[in-house]
Amino acid sequence: MPTSRQFPETHRETHPENRPETQPGTRRKTSVAAAMTALVLAVLLASLDQTIVSTALPRIAEDLNGFANIAWVSAAYLLASTAVTPLWGKLGDMVGRKPLYLAATSTFLIASVACGLAQNLAELIGARVLQGVGGGGMIVLTFALVGDIVPPAQRGRYQGMFGSVYGVASIVGPLLGGVFTDHLSWRWAFLINLPVGLVALAIAARALPRAVRGAKARIDYLGSLILASMATGLVLVTSFGQRWGWGSPAIVGLILATVGLAAVLLPVERRAAAPVLPPAMLGSRTVVFSSLIAFFANAAMFSVLVYLPTYLQIVHGVSATLSGISMLPLVAGLVVSQSLAGRWAAHVERLRAILLAGLGANLAGLLLLGTIGGGPNTVLLSVYFLITGIGIGMVPMVVLTTVQNSVPASDLGAASAVVTFTRSIGAAFGVAVFGTLLDTGFAHRTRSLPTAGGFDAARPDSIGHLPAGLRQNALDAFAHATATGYLWIAPALAVGIGLALFLKPAPKTATTDENLDYELAA
């Protein structure tokens with residue numbers, strides 16, 4: 001078991017009983033490296049399972065005879081992982097993160113096996129819910145554990161590493177799902193988690209710091225229930241709003257119920273002995289503004305990661321594998337900028353500058369993607385992807401580092417959960433809004449095309465049914481609809497830039513040590 005000499009000073013303060021060991025520098029580096037290896041593997045698995053099934057869904061629906069409800073295979077994981085995030089974060093603050101992390105990982109692996117062995121769609125959806133519960137805990141506890149293991153000045157570097165894994169997994173996931181489906185079985189998209197997860201679990205059991213219990217208090221069951229219900233409503237609205245109809249009674253009812261729950265959440269949390277979302281933290285301008293920035297940035301990020309491969313496959317006629325290869329410039333920009341932003345974040349006074357640079361580059365990337373309707377060549381498209389990837393990579397972990405550095409150690413889990421929660425909702429929101437914009441734009445531009453031959457404007461993959469003379473018109477329509485969608489998403493990043501302009505570092509004080517806060521600029 002690692003001792004305090006194996007971890008930085010901020011962690012040592014929570015373990016006064018630990019004793020120094022010989023060669024502390026070497027042991028510290030070894031222990032941190034081992035812990036980070038386990039955490040990286042966990043984030044990789046949890047984030048892959050958000051996207052890996054997307055290319056496997058048609059085959060799953062065919063094998064399990066569940067075309068009508070196949071969308072729930074993806075929605076169930078997103079819903080469960082988002083709903084439980086705040087509870088995992090708060091419980092980690094109360095009972096210690098290590099045992100909860102091991103429990104979340106074990107739950108995820110058991111559910112992965114259940115997914116791979118499912119014999120009907122109901123079993124698969126139920127297993128995906130359980131898998132989402134474990135995956136949500138793995139992600140939020142990983143980000144909080146970084147706060148336990150490394151001091152504030154180094155958090156950005158490590159958080160950047162996890163952000164790179166998260167972004168790469170969003171692109172690699174659909175490719176792996178396609179490979180498994182075409183050459184093995186869709187079941188391997190889930191079963192592959194077991195050997196990798198067991199390695200991560202074994203390393204984590206030895207390398208993670210021992211659990212430190214917070215103040216004893218009753219679990220905030222009511223607050224957790226309200227927050228989980230809010231998350232459920234938001235995910236259902238964003239995932240099924242277009243399918244059910246944005247003005248349908250079900251969607252309107254969910255929106256009203258979610259707004260009502262939001263109105264009662266703060267009074268409930270103020271009365272709770274150990275609120276799942278501490279009101280003082282919710283009143284922090286740093287936390288609120290940073291979470292909103294994370295929401296808008298993730299909305300833009302996932303509109304890019306989810307729909308650009310579709311654009312490449314339909315408009316440029318490449319396979320799923322080649323579309324992933326075409327996205328490599330974006331991945332390269334994301335990985336490099338994440339790494340650099342994490343290192344620069346060690347200088348707290350640079351955080352706002354990094355955030356503004358990342359949001360600006362992301363906005364520039366979206367505006368460039370707004371021109372792809374004109375059919376840019378491969379080289380120019382790669383440049384657009386690179387700029388977009390650079391912008392995407394510089395934002396998420398800087399936001400998380402900013403929030404973690406602004407709260408006491410006792411609230412690290414809850415603070416990490418708030419950012420993770422808003423990022424998840426932002427991702428769902430971005431995918432839903434962009435999907436609606438794309439479908440509406442494509443249908444509008446192809447309303448004059450014939451449908452008798454099998455073409456359906458609601459299914460862009462049916463463009464091949466059009467006569468050769470009209471097919472190019474439909475491809476141009478899809479390209480222009482995609483480009484217009486990115487132009488409509490761009491203002492979200494402009495809002496993020498406006499929020500970031502109001503953040504500035506407060507001076508370091510002896511009482512806060514390295515936990516710096518941000519306040520509204522005067």
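A compact table of results
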{"item": "Residue that is nearest to the chain's Cα centre (by Cα), among those in region 239-256 that are surrounded by 12 or more Cβ atoms within 10 Å (Cβ to Cβ) and of a type in the set (A, V, I, L, M, F, W, C)", "result": "Phe240"}
{"item": "Matching residues, region 493-505, being more than 12 Å from Leu367 (Cα to Cα) and among the small types (Gly, Ala, Ser)", "result": "Gly496, Gly498, Ala500"}
{"item": "Answer residue from region 180-201, given it is in contact (Cβ under 8 Å) with a residue 60 or more places away in the chain and aliphatic (A, V, I, L, M) and is surrounded by the most Cβ atoms within 10 Å (Cβ to Cβ) among those", "result": "Ala189"}
{"item": "Matching helices (runs of 4 or more DSSP H) fully within region 346-420 where at least 3 residues are at pLDDT 90 or above, over 17 Å from the mean Cα position of the chain (by Cα) and of a type in the set (Gly, Ala, Ser)", "result": "351-369"}
{"item": "Residue check, Ile139 at pLDDT below 85 and not assigned by TED's automatic domain parsing to the domain that holds Leu322", "result": "yes"}
{"item": "Criterion: buried (at least 16 other Cβ atoms within 10 Å of the Cβ) and either part of a loop (DSSP other than H, G, I, E, B) or in contact with a Phe, Trp or Tyr (Cβ under 7 Å, 6 or more places away or on another chain) (or both) - qualifying residue of Leu236, Leu277", "result": "Leu277"}
{"item": "Selection status of Thr37, modelled with pLDDT of 75 or more, farther than 20 Å from Val133 by Cβ, of a type in the set (S, T, N, Q) and not in a loop (DSSP other than H, G, I, E, B)", "result": "yes"}
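The values are calculated or read from the model by the stated rules, or taken from the named source; none is laboratory data. Note that the structure is a prediction, hence the values are computed from the model and not measured. Cβ coordinates were reconstructed from backbone atoms using ideal geometry, including for glycine residues, and neighbour counts include every protein chain displayed.
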